[in-house]
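Step one of this worksheet: look at the structure below.
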Amino acid sequence: MTSSAKEQRDRLSRVGEALQSSVAVPTDTFITDDIPLLLTKLSRIPAKRKGKGKTDEGKG
């Protein structure tokens, strides 16, 4: 590993540590309870089939 690559990796590591120490990760119940519910509801929506519906092709 070149010294330049090592310096970049070290700098990125320091930036990551600074961000982690200055930005609090949200842990309230709104986030922790609603995301699983949202994912469950989204999983019940049927996938859109290709070839159905409008597309941008052919416009012009």
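The values are calculated or read from the model by the stated rules, or taken from the named source; none is laboratory data. Fair warning: this is a prediction, and the values are worked out from it, not measured in the lab. All Cβ positions, even for glycine, are placed from backbone atoms using ideal geometry, and neighbour counts span all protein chains on display. Heads up: the accessible areas ignore ligands, DNA and RNA and are worked out on the full protein's heavy atoms, side chains in. Shrake-Rupley method; radii C 1.70, N 1.55, O 1.52, S 1.80 Å.
Each residue in segment 25-46 was checked for being of a type outside the set (D, E), at pLDDT below 80 and open to solvent by 90 Å² or more (accessible area, probe 1.4 Å), and 4 pass. Residues of segment 1-16 that are surrounded by 10 or more Cβ atoms within 10 Å (Cβ to Cβ) and either at pLDDT below 90 or not in a helix (DSSP H, G or I) (or both): G16 alone.
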